[in-house]
Amino acid sequence: MNKVNLSEIRDILLSCEKPSRYTGGEYGLPAAKEGEINFCMCFPDLYEVGMSNLGIKIVAKSFTQRGYCADFCFAPAKDFGKKIKERGFPLYSLSLKAPLKEFDIVGFSLQYELCYTNVLYMLDLAGIPLRREDRKGKGYPLIIAGGPCAANPEPLADFIDVFFIGDGETCDADAAEIYKKLGDTEEFYREISKIDGVYCPCLTDVIYGEDGKIKSFEGIKKVKRALIDDLDGAIFPEQIAVPNCESVHDRAVIEVMRGCYRGCRFCQAGFIYRPVRKRSVQTLTRQASALIKNTGYDEVSLNSLSTGDYGKLKELLFSLKKELPPEVTLALPSLRVDSFEGEFAQEARRISLTFAPEAGTQRLRDVINKDITEEEILHAAESAFNAGYSAVKLYFMLGLPTETDEDLKGIADLCVKIRKLYGKQKRAKQLRISISVATFIPKPFTPFQWEKQATEEEVEQKQQFLRSVLPNGVKFSWNSYYPSLLEAAFARGDRPLGKVLEAAYKNGCVFDGWDSELDGEKWKDAFNSCGISPCEYSRGRDEDEILPWDFIDMYIEKKLLL
């Protein structure tokens, strides 16, 4: 592979924000060497977001442990992207400084639907044709993608050659092994389609009826999700790069377990990561110790969908406290309300936590299967206060199925009870309560996948009502509606949305996941130019309707979801 010379763009680097995003040379970055297969792991968001992601490091490790080359690339900020495009300088990888179009395989991690335009942005900056049909047989890299959004790959089906659905620790490198032998041939696609978790859009056609709804799938009709049984023996990178600039999560991360016992009906992750699989205390302690030694971080994050459900959490905290240097602190970012205990704060020395009741009344929490009670919420708040906390942040959703004004008023009532609880004892600091609400988004492979999303007018009415009943002094924040509508459209969308995505990108839409960057008018123009309405995707679905993701076997029966 050819290497780019950064001295040619020295002036661009010196004039852009955070040039350290693009120079490489990170402490601990494994030296990439060309191999039989050269793979670039791309994250379609800024460097400081992508460098915090554990999943891309696991995928890269799956390649390097087989002797292949694995490098990284992140979406450049608009200032840098614009200038290198004007100069005709290609998007390049972090370590090798090689143009993306010279790699054998380029992979994208799909963590969030509103990053889809960034996939096109990175391909464009790399000089790689956006559509797979335009790349066919022309010597371009194989473009692959995985991550939670691959649960419904269809909106990106026109742009991606191969999707990996489920646990990607091995199936992506397995496919690379076959690619090494067969190259970009029809035989290659048919061969890798035999691997669990592999979906090749070129082998599946979607047939539509006169009503515009899906009639059937032709070709390969069923794709089984990849599943790792033994998380203890699964691939984990104990040597990682420390970012050149502060990242979103500037700490070491270990994955305590995968999956969740709870089954909240709105939560896609709780269903697509089933069953629950755990790492042992010994494995987690070893991994945390290695990461701290290899990076110099002073904090370890214990990640999972619900870390409080890890049966040996106290034992793990004790083990980490014993083995890690005394200055290292622990973070439990996914601790549930009903699993919080004040003693965790003492064991871990410092814990960052958030409470997410999701709904204001027990009736609505029962509807969404959020199995916590008001008593447990108040007990958790009291435990936090006793541990020294003087601020509470609560997350809720608006527009949940069957929601009423009474449910919204329940949020305000809960704030009053928490404030009263705090005032039972004399405390030095003033209590701060923050309420954050997000619009409910129906997602594939959840019991609510058939539900409609609330309209903009309905959501605004709910926000106004909640604002009117919240006690004085409670900080209230909410998200704007249009990003939620876009997320719902691309979460439950089909192949025709690819036209909208490409039109939006050509209109200048990138970094749509950032509130400051999303341009709703450009998106509306893209939908209108394609003759498609986003409301077609936010509508309710009939129970017997064929859904765009129905050809994927997530090991979840529709009967169970219904």
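The values are calculated or read from the model by the stated rules, or taken from the named source; none is laboratory data. Values in this document were obtained by computation on a predicted structure and should not be read as measured data. Virtual Cβ from ideal backbone geometry, glycine too; neighbours counted across all protein chains shown. For accessibility, only protein heavy atoms count, side chains too; no ligands or nucleic acids. Shrake-Rupley method; radii C 1.70, N 1.55, O 1.52, S 1.80 Å.
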Highest-first arrangement of 106-114, 26-34, where packing means the average Cβ count within 10 Å: 106-114, 26-34
Through the Karplus equation 6.51 cos²θ - 1.76 cosθ + 1.60, θ set to phi - 60°, convert the phi angles of the range 8-23 into ³J(HN,Hα) values in whole Hz; use x for Gly and Pro. 6, 10, 3, 5, 5, 4, 6, 9, 9, 6, 6, x, 5, 5, 10, 9
Sorted by chain and number, the residues with a modelled amide H under 5 Å from that of Val276, at a separation of 5 or more or across chains, are Cys260
To make sure I understand the rule: partners must be lysines, Cα under 25 Å from the Cα of Lys558, and not fewer than 8 residues away in the same chain. Which ones qualify? Lys194, Lys213, Lys215, Lys221, Lys222, Lys224, Lys370, Lys443, Lys452
So who's got an amide H within less than 5 Å of the one on Tyr208, skipping anything under 5 residues away but keeping other chains? H placed 1.01 Å off N, in plane. Lys215
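Under a 1.4 Å probe, what is the accessible area of the range 183-311 per residue, stated in Å²?
Here the per-residue accessible area is 44 Å².
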Full extension from Ser216 to Asp366: what is 0.36 nm times the residue separation minus their Cα-Cα distance, to one decimal in nm? 50.5 nm
Accessible area per residue for the range 361-430 in Å², computed with a 1.4 Å probe and the full protein assembly in place, what is it? 51 Å²
With just the Cα atoms defining each centre, how far is the range 291-329 from the range 7-37? Give it in Å. 31 Å
Residues meeting the amide H criterion for Leu330 (H placed from the backbone, H to H distance under 5 Å, 5 or more places apart or on another chain) are Val300, Arg350
So, with +1 on the Cβ of K and R and -1 on the Cβ of D and E, and no other charges, what is the size of the charge dipole of the range 386-457 about its Cα centre, to the nearest 20 debye? 920 debye
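Tell me whether the range 403-474 comes out rounded, prolate or oblate; compute the Cα gyration tensor, take square roots of the eigenvalues as a ≥ b ≥ c, and use a/c under 1.5 as the rounded threshold.
prolate
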A correct Karplus calculation of ³J(HN,Hα) over the range 242-257, with 6.51 cos²θ - 1.76 cosθ + 1.60, θ = phi - 60°, whole Hz and x for Gly and Pro, returns 8, x, 6, 10, 4, 9, 4, 10, 8, 6, 6, 10, 10, 9, 5, 7
Would you kindly derive the ³J(HN,Hα) couplings of the range 213-228 from the backbone phi angles with the Karplus curve 6.51 cos²θ - 1.76 cosθ + 1.60 (θ = phi - 60°), listing them in order in whole Hz, with x for Gly and Pro? 8, 5, 9, 5, 10, 10, x, 7, 9, 9, 10, 7, 5, 6, 9, 8
With every protein chain present, what is the per residue accessible area of the range 82-148 (1.4 Å probe, Å²)? 35 Å²
Per-peptide average of other Cβ atoms within 10 Å, ordering 318-330, 500-512, 447-459 highest first: 500-512, 447-459, 318-330
Subtracting the Cα-Cα distance from 0.36 nm times the residue separation, let me have the gained length for Glu521 to Gln430 in nm, one decimal. 28.5 nm
Which aspartates and glutamates have a Cα less than 12 Å from the Cα of Lys462, not counting those fewer than 8 places away in the same chain? Glu403, Asp405, Glu406, Asp407
Out of Leu400, Trp450, Tyr422, whose Cα points farthest toward the positive end of the dipole of the range 374-472 (charges: +1 Lys, Arg; -1 Asp, Glu; placed on Cβ)? Tyr422
How would the range 79-128 be classified by its alpha-carbon gyration tensor: rounded, prolate or oblate, with rounded meaning a/c under 1.5 and the a/b versus b/c comparison settling the rest? oblate
With a ≥ b ≥ c taken as the square roots of the eigenvalues of the C-alpha gyration tensor of the range 97-250, please select rounded if a/c is under 1.5 and otherwise prolate if a/b is larger than b/c or oblate if it is not? rounded
Charge dipole of the chain built from unit charges on the beta carbon (Lys, Arg +1; Asp, Glu -1), centred at mean Cα; most positive-end Cα among Gly520, Leu497, Thr307 is Thr307
How much of the accessible area of the chain, in percent, comes from carbon and sulfur atoms when a 1.4 Å probe is used? 48 percent
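Note down the relative contact order for the range 251-326 as a percent, whole number, built from C-alpha pairs under 8 angstrom at least six residues apart.
Working: 103 pairs, mean separation 31.5, N = 76.
Dividing the mean separation by the residue count of the range 251-326 yields 42 percent.
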If R0 is 45 Å, what FRET efficiency do you get for Lys558 and Ser15 from their C-beta distance, rounded to 0.05? 0.25
Euclidean distance of C-alpha centroids, the range 542-562 and the range 94-167, integer Å: 26 Å
Dipole axis of the range 406-562 (+1 Lys, Arg; -1 Asp, Glu on Cβ), positive-most option in Leu547, Ser484, Ser533: Ser484
At a 10 angstrom cut-off on C-beta neighbours, averaged per residue, how do the peptides 406-414, 14-22, 156-164 rank from highest to lowest? 156-164, 406-414, 14-22
What is the magnitude of the charge dipole of the range 220-329 about its Cα centre, with +1 placed on the Cβ of each Lys and Arg, -1 on the Cβ of each Asp and Glu, and no other charges, expressed in debye to the nearest 20? 860 debye
Charged-residue dipole, Cβ positions (Lys, Arg, Asp, Glu), the chain about Cα centre, Debye nearest 20: 1400 debye
